Amino acid sequence: MPNITYVSHADERTVVEVPVGWSVMEGAIQNDVAGIVAECGGGCACATCHVFVDPLWIDKLGEQTVMEQDMLECTAIESTERSRLSCQIKVTSNLDGLIVHLPENQS
Ligand code: FES
């Protein structure tokens, strides 16, 4: 299974194995990684699963949908060019080693 590294705002790293087909958000929630809330359960309707993708990985992710782009305007911490909604990042074998940084808060 691909390893995903979640880096907290305090720079604590949590590495979890996430099954292919899950989202990066599900990997966090199912492994009790603090810092991702996911109020809407992955419906791209809350923006509480905001992450900053590590610069080395940003070009390896798929394109954002218009819906994701719209929701990224509603994040608690201002979004940047590295921002994604973790519920919209599907884990594939190509994402083994992905690093995402968590914002200071989600609401
Ligand atoms: S879980 Fe709500 S937008 Fe991602």
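The values are calculated or read from the model by the stated rules, or taken from the named source; none is laboratory data. If you're wondering where the values come from, they're calculated on a predicted model, not measured in any experiment. Every residue, glycine as well, gets a Cβ built from its backbone with ideal geometry; the counts of neighbours run over all protein chains shown.
State whether one or more residues within region 61-74 are surrounded by fewer than 17 Cβ atoms within 10 Å (Cβ to Cβ), modelled with pLDDT under 95 and within 16 Å of Ser93 (Cα to Cα). Explain how you work it out, then say what you get.
Filtering region 61-74 for residues surrounded by fewer than 17 Cβ atoms within 10 Å (Cβ to Cβ) gives 62-67, 69-70, 73-74.
Restricting the remaining residues to those that are modelled with pLDDT under 95 gives 62-64.
Then drop every residue that is not within 16 Å of Ser93 (Cα to Cα), which leaves 62.
Yes, region 61-74 has at least one match.
State the number of residues belonging to region 37-94 that are under 16 Å from Ser8 (Cα atoms), away from the ligand (no atom under 11 Å from the Cβ), β-branched (Val, Ile, Thr) and outside any loop (DSSP other than H, G, I, E, B).
1
Residue by residue through region 2-32, note down the ones that are in contact (Cβ under 8 Å) with a residue 60 or more places away in the chain, touching a helix residue (DSSP H, G or I) at 6+ places or on another chain (Cβ under 9 Å), closer than 22 Å to Ile58 by Cβ and not polar (S, T, N, Q).
Pro2, Ile4, Tyr6, Val18, Val20, Trp22, Val24, Met25, Glu26, Gly27
Within region 29-44, identify whether any single residue is surrounded by 14 or more Cβ atoms within 10 Å (Cβ to Cβ), touching a Lys or Arg at 6+ places or on another chain (Cβ under 9 Å) and either at pLDDT 95 or above or at positive phi (or both), and answer yes or no. Reasoning before the result, please.
Within region 29-44, the subset surrounded by 14 or more Cβ atoms within 10 Å (Cβ to Cβ) is 29, 31, 33, 35-38, 40, 42, 44.
Next, from what is left, pick out any that are touching a Lys or Arg at 6+ places or on another chain (Cβ under 9 Å): none.
No, region 29-44 contains no residue that is surrounded by 14 or more Cβ atoms within 10 Å (Cβ to Cβ), touching a Lys or Arg at 6+ places or on another chain (Cβ under 9 Å) and either at pLDDT 95 or above or at positive phi (or both).
Across region 1-31, what is the total count of residues that are within 16 Å of the ligand (Cβ to nearest atom), part of a loop (DSSP other than H, G, I, E, B) and not β-branched (Val, Ile, Thr)? Spell out how you get there, then give the answer.
To start, the set of residues in region 1-31 that are within 16 Å of the ligand (Cβ to nearest atom) comprises 4, 6, 18, 22-31.
In the following step, the residues that additionally are part of a loop (DSSP other than H, G, I, E, B) were identified as 18, 22, 31.
Checking which are not β-branched (Val, Ile, Thr) leaves us with 22, 31.
Total meeting the criteria: 2.
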